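The values are calculated or read from the model by the stated rules, or taken from the named source; none is laboratory data. Here the structure is a predicted model, which means the values were calculated and not measured. We place every Cβ from the backbone using ideal geometry, glycine too, and count neighbours over all the protein chains shown. SASA here: full protein model, heavy atoms, side chains in, ligands and nucleic acids out. Shrake-Rupley method; radii C 1.70, N 1.55, O 1.52, S 1.80 Å.
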Amino acid sequence: MLIAGFPAGAWGTNCYLVAPAAGEECVIIDPGHQAAQGVEDALRKHRLKPVAVVLTHGHIDHVASVVPVCGAHDVPAWIHPADRYMMSDPEKALGRSIGAQLLGELTVGEPDDVKELADGSTLDLAGLQFTVAHAPGHTKGSVTFRLPETTDIPSVFFSGDLLFAGSIGRTDLPGGDHAEILESLARVCLPLDDSTVVLSGHGPQTSIGRERATNPYLRDVAGTRGPGAGTPAPRRGM
């Protein structure tokens with residue numbers, strides 16, 4: 001499997017291109033602020049043909065390049081219906097001005113073809129199977145994508161802004177809910193094998209085993225956090 005990822009834009013949001021191998025079809029995950037050029041560079045480098053864009057949630061730092069990327073390659077974008085409005089109204093989604101001078105060039109709106117994600121569904125795209133889990137808390141329509149384990153590689157979990165290395169997504173923006181994100185962590189993350197590779201919306205790669213042992217939020221959810229565990233890391237995401 002080929003996974004090419006890079007941080008993009010003012011918020012350093014991770015965009016991923018996922019394919020069975022170089023020279024094949026691929027899926028693009030979260031092409032956010034100023035990600036379009038990085039996507040094109042990765043497509044050329046690995047000789048990939050995109051077939052879809054899939055979105056972990058609707059915040060502008062994850063969707064800002066959806067329209068140009070989908071338009072350039074005539075592919076659909078997949079998003080949970082609860083977050084679909086955010087593509088057309090990013091300021092309503094954030095509850096504050098996003099600052100045009102910071103965003104630079106930005107195409108607000110939906111691509112021509114939008115498809116809606118459902119909890120528990122499987123997307124068969126580019127010869128890969130992505131299992132979708134609805135994981136509200138950071139936003140009402142947050143989702144994760146998981147690729148199954150194979151004989152060669154462990155399962156890969158694209159967690160969006162649900163789970164980070166050492167932290168979790170913030171819940172103080174419209175649609176955020178701390179109790180919901182804790183429930184999502186327990187329901188979606190805790191059942192995964194320790195070997196599962198976690199590729200988050202921001203920050204470095206980690207694993208479920210590492211987060212189960214060291215992430216204070218996941219430890220709290222699992223009921224394993226003991227004395228001296230330290231102060232929880234600041235929550236992240238837009």
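Does R96 satisfy the condition of being modelled with pLDDT of 95 or more, out of contact with any His (no Cβ under 6 Å at 6 or more places or on another chain) and not in a strand (DSSP E or B)? Answer is no for this residue. Comparison of T171, T214, T196 shows that the only residue that is touching a residue at least 40 places away in the same chain (Cβ under 8 Å), of a type in the set (S, T, N, Q) and out of contact with any Asp or Glu (no Cβ under 9 Å at 6 or more places or on another chain) is T214. Set side by side, the residues V39, V69, V54 differ, and just one is under 13 Å from the mean Cα position of the chain (by Cα), modelled with pLDDT of 95 or more, among the aliphatic types (A, V, I, L, M) and open to solvent by less than 10 Å² (accessible area, probe 1.4 Å), which is V54. Would you mind stating whether T214 is open to solvent by 40 Å² or more (accessible area, probe 1.4 Å) and closer than 15 Å to S167 by Cβ? So T214 passes the test. Scanning segment 186-206 for residues being over 17 Å from the mean Cα position of the chain (by Cα) and of a type in the set (S, T, Y) gives a total of 1.
For segment 160-185, the candidate set comprises residues that are open to solvent by 40 Å² or more (accessible area, probe 1.4 Å) and over 16 Å from the mean Cα position of the chain (by Cα); within that set, the residue that is farthest from Q205 (Cα to Cα) is P174. If you go through segment 13-28 and keep only what is open to solvent by 10 Å² or more (accessible area, probe 1.4 Å) and part of a strand (DSSP E or B), you end up with N14, Y16, E25. Within segment 186-199, restricting attention to residues that are assigned to a helix (DSSP H, G or I) and open to solvent by less than 60 Å² (accessible area, probe 1.4 Å), the residue that is nearest to A133 (Cα to Cα) is V188. Of the residues making up segment 10-23, just one is touching a Gly at 6+ places or on another chain (Cβ under 7 Å) and either of a type in the set (A, V, I, L, M) or farther than 19 Å from S159 by Cβ (or both), namely P20. Among the residues of segment 153-185, the ones that are closer than 13 Å to K140 by Cα and part of a loop (DSSP other than H, G, I, E, B) come to 10 in all. For G223, the criteria (1) modelled with pLDDT of 95 or more; (2) on the phi > 0 side of the Ramachandran plot hold in every case but one, which is (1).
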